[in-house]
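A short write-up of the structure that comes next.
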Amino acid sequence: QVCRGLGTPLLPVWLCSLVGRHGVLFSTDSLLLSDWKRERVFSLYFYSGQRKQMETAPLRIDTHSHHWEENRGEDPSSPGKRRPPIEMAIRTKWAGATVSWNGTDPFF
């Protein structure tokens, strides 16, 4: 028999499969998905289990960033504009959001 908490987790959790690797993206804010006001600026944490990742990567998500202030002259597919797959996955839920790695080098 499956535990009740498994069907309805207390915290928002997403299992990710990105470029053939698996990871967990989660929040410690239980109200993140039930209170739309919490979705403006919030923290998510990412853990992939890769050898080079010693601890959870804290990500700061801003869903009301000013995307029009980015440099329009640069091609979005250029190396300077490419984003890590985890950022693109986050944008499937929060389109146009900016993701700050809080000083951690993007590794995934």
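The values are calculated or read from the model by the stated rules, or taken from the named source; none is laboratory data. All figures in this text were calculated on a predicted structure; none of them were measured in a lab. We place every Cβ from the backbone using ideal geometry, glycine too, and count neighbours over all the protein chains shown. Surface accessibility is based on the protein's heavy atoms, side chains included, excluding ligands, DNA and RNA. Shrake-Rupley method; radii C 1.70, N 1.55, O 1.52, S 1.80 Å.
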- Under a Cβ-Cβ cut-off of 14 Å, what is the net charge of the residues other than Leu25 that fall near it, where Lys and Arg count +1 and Asp and Glu count -1? +2
- Hz values of 3J(HN,Hα) by residue in the range 95-105 - Karplus curve (6.51, -1.76, 1.60), Gly and Pro given as x: 4, x, 5, 9, 10, 9, 8, 6, x, 7, 6
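I want the local charge near Val41. Using Cβ-Cβ distances under 13 Å, sum +1 for each Lys or Arg and -1 for each Asp or Glu among the other residues.
Numbers: positive: Lys37, Arg38, Arg40, Arg60; negative: Asp29, Glu39, Asp62.
Net charge around Val41: +1.
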- Could you go through the range 13-24 in sequence order and give the Karplus-derived ³J(HN,Hα) for each residue, using 6.51 cos²θ - 1.76 cosθ + 1.60 with θ = phi - 60°, rounded to whole Hz, and x for Gly and Pro? 9, 10, 8, 10, 10, 10, 6, x, 10, 10, x, 10
- Message: Heavy atoms of the protein only, probe of 1.4 Å, neighbouring chains included. What is the accessible area of Phe42 in Å², nearest 10?
- Response: 10 Å²
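Taking the Cβ of Cys16 as the centre, find all other residues whose Cβ is under 15 Å away and add up their charges (Lys, Arg: +1; Asp, Glu: -1).
Net charge in that neighbourhood comes out at +3.
How do Thr56, Thr28, Thr63 rank by accessible surface area computed with a 1.4 Å probe, from largest to smallest? Let's see the in-between values first.
Details: Thr56 55, Thr28 95, Thr63 30 Å².
My answer, sorted largest first, is Thr28, Thr56, Thr63.
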- Item | Exposure of Glu55 as accessible area (Å², to 10), given a probe of 1.4 Å and all protein chains | 140 Å²
